[in-house]
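Right, one structure below, let's go through it.
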Amino acid sequence: MSAVRQDAQLMDVNPPLVAGRPDYHDVTAKISGIVEGNVRETPRKYWITLGCTLTVLGLLGAMLTYLVSTGIGVWGNNRPIGWAWDITNFVFWIGIGHAGTLISAILFLFRQKWRTSINRSAEAMTLFAVACAGIFPLFHTGRPWRAYWLFPVPNTDLNMWQNFRSPLIWDVFAVSTYGTVSALFWFTGLIPDLATLRDRATSKIRQWIFGFLSLGWRGSARHWSNYEAGYLILAGISTPLVLSVHSVVSFDFATSVIPGWHTTIFPPYFVAGAIFSGFACVMTLLIIARWLLNLDDLITIKHLENMNKIMLVTGSIVGYAYATELWTAWYSGNTFEKFTFYNRALGPYWWAYWTMVSCNVITPQFFWFKRLRRSVPFMFVLTIFINIGMWFERFVIIATSLTRDFLPSSWGMFHPTWVDMCTLFGTFGLFFTLFLLFARFLPMIAIAEVKGVVAQEKHSFATEEVGGRH
């Protein structure tokens, strides 16, 4: 009894990253079984959820069709608020996509083993969020069929040339580079697992598909050596991209002369906020997937608690950035700058500002308490509040800075139309549909990396047992 009690105490202090003490076969069977399972074996709750997200995705398609056939006048954009929900949503989705590469690249470089069960889903989330983000600036141009003008096409073909001094052009370069490297990073990590699915496949079609995607992987020492070197290089390339892509997005605002925008705090402020919102969205997705696909043993409370700790830190950084903005506006002595922040807190959009502060500054402080930090229903609700708050942060930055121009005669208000709201709602349908399809048809947890954690934990447990006997 004493040995059992000691084991329970040890697991309570340092809970395992993989519950149930599975062996290698159990890990492979558990993760591969989701992909290999017949349609009838997939939980009914999965198909119900997928049906709901597909319905919302259909709404997005209808809204974009209506937008192109009618014109962007169906949105609520006006003068002086030319950037409204569309650019707000663009910055929001880019921020959501931030955490995927962060979890994979930076935590990999720091050798954090707890990333292994969540990194694959986070990487996929990055790609889906970038796809959602690209919709808004593309259709905001009013002529999405001329999107190639945003790229450095020779002016002999366009009779024009892009303005490379514009931060909007650099948005295209930063986001497209980030999306490309993230896709390569995600696919490289998939190769060993795709080979596992190839070897377990029972049909010729599945063998051919997974064989083609696994690029001839055989698991030899040479293959593993090349894989680890390539993965490390991509992690090193991705790390500065994580820090730079949202900094470049922040230049859309920081390089302007609009009060409330032209500030040097925006790049680190946007990066911290992106990590904050990205981790919250990863948490939301993992909790849903954990419930839909019965992955409690692989996505454990320890994974979720560690992510809650990071959200506590980044949420505090975001709160500090809010305070810094207010102090800088006051200390500058600039009448327009001070008025902008006064207008944010007490003007016509005061409700949006205080929603932002409540969700982003007050809400994460509940994670100081271990019981709340380890409560799955509580953290699920909190992550939704955090994402709501981060959307309002982008809305406050854009709308409240534009609603009051330098001349009172130019003042105006923004009111979203039903097309604005349905388009935003529809992008969530696209995001969740892509994630659910990914979770069902590709391994959403890295099989090879989880096996490494299992081996390490078994070795640690055996060492502790031997030490106890002595």
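The values are calculated or read from the model by the stated rules, or taken from the named source; none is laboratory data. All values derive from a computational prediction rather than experimental measurement. A quick note on method: Cβ atoms are made from the backbone with ideal geometry, for glycine too, and the neighbour counts reach across all protein chains shown. For accessibility, only protein heavy atoms count, side chains too; no ligands or nucleic acids. Shrake-Rupley method; radii C 1.70, N 1.55, O 1.52, S 1.80 Å.
To the nearest Å, what is the center-to-center distance of region 271-289 and region 73-110, using C-alpha atoms only?
13 Å
Grab the Cα-Cα distance for ALA323 and PHE380, subtract it from 0.36 nm times how many residues apart they are, and report the gain in nm with one decimal.
Working it through step by step, the gained length comes to 17.8 nm.
Calculate what fraction, in whole %, of the accessible area of the chain sits on carbon and sulfur atoms when a 1.4 Å probe is rolled over the protein chains.
67 percent
Take ILE169, ILE388 and sort them by solvent-accessible surface of the protein heavy atoms, 1.4 Å probe, largest at the top.
Descending order: ILE388, ILE169.
Can you work out D for region 299-351 in µm² s⁻¹ from Stokes-Einstein, where Rh is the Kirkwood radius over C-alpha pairs, the temperature is 37 °C and the viscosity is 0.692 mPa s?
This corresponds to a translational diffusion coefficient of 247 µm²/s.
Could you work out how far apart the two model spin labels at ARG146 and PHE187 are, taking each label as a point 7 Å from the Cα in the direction of the beta carbon, and quote it in nm?
In this crude spin-label approximation the distance works out to 3.2 nm.
Modelled label-to-label distance, GLN207 and LEU346, 7 Å Cα→beta-carbon offset: nm?
Once both label points are built, they end up 7.5 nm from each other.
How long is the gain from VAL74 to ARG222 if the chain were fully straight, where each residue apart is worth 0.36 nm and the alpha carbon distance is subtracted?
Roughly 47.5 nm would be gained on extension.
How do TRP224, TRP83 stack up against each other in accessible area, from largest to smallest, with a 1.4 angstrom probe?
If we order TRP224, TRP83 from most to least accessible, we get TRP224, TRP83.
Using 1/(1 + (r/R0)^6) with R0 = 60 angstrom and r between the beta carbons of TRP161 and GLU36, what's the FRET efficiency to the nearest 0.05?
After rounding to 0.05, the efficiency reads 0.70.
Which order do VAL172, VAL249 take by accessible area at a 1.4 Å probe, largest first?
Accessible-area ranking of VAL172, VAL249, largest first: VAL172, VAL249.
Whole Å is fine, so just give me how far the alpha carbon centre of region 292-348 lies from that of region 179-223.
Between the Cα centres of region 292-348 and region 179-223 lies a distance of 39 Å.
Given R₀ = 30 Å, what would the calculated FRET efficiency be for LEU168 paired with LEU312, taking r from the Cβ atoms and rounding to 0.05?
According to the calculation, E is roughly 0.30.
If eta is 1.306 mPa s and T is 10 °C, what Stokes-Einstein diffusion coefficient results for region 191-312, Kirkwood Rh from Cα pairs, in µm²/s?
86 µm²/s
If I model a spin label as a point 7 Å beyond the Cα along the Cα-Cβ vector, how far apart are those points for TRP47 and GLN112 in nm?
Once both label points are built, they end up 3.9 nm from each other.
Taking the chain as the region of interest, what is the percent of Cα-Cα pairs per 10 angstrom bin, listed from the shortest bin to the one with the maximum distance?
Per 10 Å bin, starting at zero, the Cα-Cα P(r) for the chain comes out as 4, 18, 28, 25, 15, 7, 2, 0, 0 percent.
Please identify the DSSP H helices in the chain that span no less than 30 Å along the helix axis (Cα) and have a mean Kyte-Doolittle hydropathy of -1.0 or more.
44-70, 119-140, 167-200, 221-254, 266-292, 301-332, 376-402, 418-441, 447-469
Considering only protein heavy atoms, what per residue accessible area in square angstrom results for region 176-275 with a 1.4 angstrom probe?
Ligands and nucleic acids excluded, the result is 46 Å² per residue.
Would region 42-159 count as rounded, prolate or oblate if I go by the C-alpha gyration tensor, calling it rounded below 1.5 in a/c and otherwise prolate when a/b exceeds b/c, oblate otherwise?
Cα axes put region 42-159 in the oblate bin.
Using a 1.4 angstrom probe, figure out how much accessible area region 17-144 has per residue, in square angstrom, rounded to the nearest whole.
40 Å²
If contacts are Cα pairs under 8 angstrom and at least 6 residues apart, what is the relative contact order of region 183-319 in percent?
Normalised by residue count, the contact order of region 183-319 is 17 percent.
In straight Cα distance, which lysines are under 30 Å from LYS302, not counting same-chain residues fewer than 8 positions off?
LYS30, LYS45, LYS113, LYS370, LYS451, LYS458
For region 353-439, rounded, prolate or oblate, judged on the Cα gyration tensor with a ≥ b ≥ c (square roots of eigenvalues), a/c < 1.5 rounded, else prolate if a/b > b/c?
In terms of gyration-tensor shape, oblate.
Mind grabbing the base-10 log of I(q)/I(0) for region 216-266 at q = 0.13 Å⁻¹? Debye formula, identical points on the C-alpha positions, no solvent, two decimal places.
The Cα Debye sum returns log10 ratios of -0.52.
How much accessible surface area, in Å² rounded to 10, belongs to the heavy atoms of THR324 with a 1.4 Å probe?
Surface open to solvent at THR324 totals about 30 Å².
With r defined as the distance between the Cβ atoms of TYR24 and TRP330 and R0 fixed at 51 Å, what FRET efficiency is calculated, to the nearest 0.05?
Step by step, r from the Cβ atoms, then E = 0.25.
Using only protein heavy atoms and a 1.4 Å probe, report how much of THR255 is accessible, in Å² to the nearest 10.
Rounded to the nearest 10, that gives 90 Å².
Can you tell me the length gained on complete extension of the stretch PHE428 to TYR66, counting 0.36 nm per residue apart and subtracting the Cα distance?
Gain in length upon complete extension: 128.5 nm.
Label point 7 Å out from ILE362 along Cα-to-Cβ: which residues of region 372-394 have amide N under 18 Å?
379, 381-393, by backbone N distance to the label point.
Got the relative contact order for the chain handy, in percent, Cα pairs under 8 Å and 6 or more residues apart?
Once normalised by length, the contact order is 31 percent.
With a 10 Å radius around each residue's Cβ, average the other Cβ atoms per peptide and rank 99-105, 287-293, highest first.
Top to bottom by mean Cβ count within 10 Å: 99-105, 287-293.
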